[in-house]
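Peer 1: Before I ask anything, here is the structure I am working with.
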Amino acid sequence: SAVAMFGQTPQRSGARDKLTAPANRFAAADADVYIHAGTDALFPRLCEAMGRPELATDRRFRDVPLRMANVDAIEAEVRSWASQMPYDALATQLEGAGIPFGKIATVEEVVASEPIRARQMLVDVEHPKLGRLTLPGVPIKLSESPGSIHKAPPLVGEDNESVYSELLGIDSGELSSLREQGVI
């Protein structure tokens, strides 16, 4: 990292690519979308999709270094175009031109998404007092030991009996004595 090697602390840059342009988050009429058309091969295709082929030969935008020097101007052009249409129409044009893009999901959309449920990144469990809880799942999926969540977090002391007797080998008489003394 820049910090470890050079003592440089990186600053936040948002979604803007630091090496090519246009490559950033743009607002369509009804959704946010990330568009990456910063390479010299992709940029003319984006210009065609935008109905602005002249931008590809504009002296400010002819290559990556020029677009980076004029990043605000080229992003303004893309922003103006994208904001005029709904996401589905924008997606159709970008896909037809072969431009990498993706809809930026809200947290609510991510939580409700099929991939999140299919990968068990959120799992539902029943808690004895709180009812149904949604918990984070096990993020690492190993074929030989996949891991899973079997129950809700325990109540305070819920597992005492099994821990003391099964794991620690304390017999019921000693356990009763410890309870009477207030140790447990």
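The values are calculated or read from the model by the stated rules, or taken from the named source; none is laboratory data. The structure displayed is predicted, hence computed values, not measured ones. Neighbour counts are summed over all protein chains in view; Cβ atoms, including those assigned to glycine, are modelled from backbone coordinates with ideal geometry. The protein model used for the area step is the full one, side chains on, heavy atoms only, and it has no ligands, DNA or RNA in it. Shrake-Rupley method; radii C 1.70, N 1.55, O 1.52, S 1.80 Å.
Peer 1: Quick one: give the max-minus-min coordinate of the C-alpha atoms of region 49-96 along each principal axis, largest first, in Å.
Peer 2: Taking the Cα atoms of region 49-96, the three principal extents are 31, 18, 14 Å.
Peer 1: Continuing with this model, one more query. Roughly what would the spin-label model give for residue 39 and residue 174, points 7 Å off Cα along C-beta, in nm?
Peer 2: Output for this residue pair reads 6.8 nm.
Peer 1: Apply the Karplus curve 6.51 cos²θ - 1.76 cosθ + 1.60, θ = phi - 60°, to the phi angles in region 86-93 and return the couplings in whole Hz, x for Gly and Pro.
Peer 2: x, 3, 4, 5, 4, 4, 4, 5
Peer 1: Each residue of region 136-144 in turn: what ³J(HN,Hα) in whole Hz from Karplus with 6.51, -1.76, 1.60 and θ = phi - 60°, glycine and Pro shown as x?
Peer 2: These are the phi-based 3J(HN,Hα) values: x, x, 7, x, 9, 10, 9, 5, 8 Hz.
Peer 1: Equivalent ellipsoid semi-axes for the chain, as square roots of 5 times the alpha carbon gyration tensor eigenvalues: give them largest first, rounded to whole Å.
Peer 2: Listed largest to smallest, the semi-axes of the chain are 57, 21, 14 Å.
Peer 1: Further question on the same structure: Give me the number: length gained by fully extending residue 92 to residue 183, i.e. 0.36 nm times residue separation minus the C-alpha to C-alpha distance, one decimal in nm.
Peer 2: 25.9 nm is the gain from fully extending residue 92 to residue 183.
Peer 1: I would also like to ask the following. Which whole-Hz couplings ³J(HN,Hα) result when phi for each residue of region 31-36 is put into the Karplus expression 6.51 cos²θ - 1.76 cosθ + 1.60, θ = phi - 60°, listed in order with x for Gly and Pro?
Peer 2: 6, 9, 9, 9, 10, 10
Peer 1: For region 33-184, what does the accessible surface come to per residue with a 1.4 Å probe? Please give it in Å².
Peer 2: Numbers: 9840 Å² over 152 residues.
That works out to 65 Å² for each residue.
Peer 1: Which of the peptides 113-119, 63-69 is most tightly packed, and how do the rest follow, judged by the mean count of other Cβ atoms within 10 Å per residue?
Peer 2: 63-69, 113-119
Peer 1: Rounded to the nearest 500, what is the 222 nm mean residue ellipticity of the chain from helices alone, with -39500 (n - 2.57) per DSSP H run of 4+ residues and division by all residues?
Peer 2: -9000 deg cm²/dmol
Peer 1: Roughly how much of residue 80 is accessible, in Å² to the nearest 10, using a 1.4 Å probe?
Peer 2: The value for residue 80 is about 70 Å².
Peer 1: Along the charge dipole of the chain, pointing to its positive end and built from +1/-1 on Cβ of Lys, Arg, Asp and Glu, which listed residue (140, 57, 163) has its Cα farthest out?
Peer 2: 57
Peer 1: Based on the mean of other Cβ atoms within 10 Å per residue, sort peptides 99-109, 130-140 so the most packed one is first.
Peer 2: 99-109, 130-140
Peer 1: Let me ask another. Counting only C-alpha contacts under 8 Å and six or more residues apart, can you give the relative contact order of the chain as a whole percent?
Peer 2: This gives 16 percent for the chain.
Peer 1: Now, a different point. What is the extension gain from residue 142 to residue 11, computed as 0.36 nm multiplied by their sequence separation minus the C-alpha to C-alpha distance, in nm to one decimal? Numbers along the way, then the final one.
Peer 2: Details: separation 131, 0.36 × 131 = 47.16 nm, distance 3.56 nm.
Full extension of this stretch gives 43.6 nm more.
Peer 1: Would you please put 158-167, 18-27 in order of how densely packed they are, using the mean number of other Cβ atoms within 10 angstrom per residue and starting with the highest?
Peer 2: Order by mean packing, descending: 18-27, 158-167.
Peer 1: While we're looking at this one, here's another question. With a 1.4 Å probe and all protein chains in place, put 85, 121 in order of accessible area, largest first.
Peer 2: Details: 85 30, 121 55 Å².
From most accessible down to least: 121, 85.
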